[in-house]
Amino acid sequence: MDSQIEIAMRHEISVNRLAAHIVSERVNPAFVNIAEITRRLLDDYSPDMTGRDMQAFRNRTQKALSKRLDQMWEESTKDLQD
């Protein structure tokens, strides 16, 4: 019969493995993708932008980054639920 300590240790190991999987399969790729998105978006930036253009630039940037982060969290949440 397994002791409570052994059961707790096995549970902790499985939780740590799941966390490592989520970081390597979901979080890290998402942030690499976010870096690429940011570089592409910054190509549209100009210090000479009008206030309206700057606001549109901010909105595009926020929308693109939020979309990718939302996708990453959705995938991570599904992994946790599974």
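The values are calculated or read from the model by the stated rules, or taken from the named source; none is laboratory data. Given the structure is predicted, the values throughout are model-derived calculations rather than measurements. All Cβ positions, glycine included, derive from the backbone under ideal geometry; neighbour counts span all protein chains shown. Remember, those area values only see protein heavy atoms, side chains included, never the ligands or the DNA or RNA. Shrake-Rupley method; radii C 1.70, N 1.55, O 1.52, S 1.80 Å.
Things worth noting here:
- Selection within the stretch 1-11 - of a type in the set (S, T, N, Q) and open to solvent by less than 80 Å² (accessible area, probe 1.4 Å): Ser3
- Every condition in (1) in a helix (DSSP H, G or I); (2) closer than 30 Å to Gln81 by Cβ is met by Asp2 except one, and the failing one is (1).
- Within the stretch 65-79, one or more residues are modelled with pLDDT of 95 or more and of a type in the set (Gly, Ala, Ser).
- Look at the stretch 11-29: where a residue is at negative phi and among the basic types (Lys, Arg) and a partner is part of a helix (DSSP H, G or I) and surrounded by 12 or more Cβ atoms within 10 Å (Cβ to Cβ), sitting 6+ places away or on another chain with Cβ atoms under 6 Å, you get Arg26/Met72; Arg26/Glu75; Arg26/Ser76.
- Of the residues making up the stretch 17-55, those that are closer than 22 Å to Arg68 by Cβ and small (Gly, Ala, Ser) are Ala19, Ala20, Ser24, Ala30, Ala35.
- Residues (among the hydrophobic types (A, V, I, L, M, F, W, C) and either in a helix (DSSP H, G or I) or surrounded by fewer than 11 Cβ atoms within 10 Å (Cβ to Cβ) (or both)) located in the stretch 39-82: Leu41, Leu42, Met54, Ala56, Phe57, Ala64, Leu65, Leu69, Met72, Trp73, Leu80
- Against the numbered list (1) at pLDDT below 95; (2) surrounded by fewer than 10 Cβ atoms within 10 Å (Cβ to Cβ), Ser14 comes up short only at (2).
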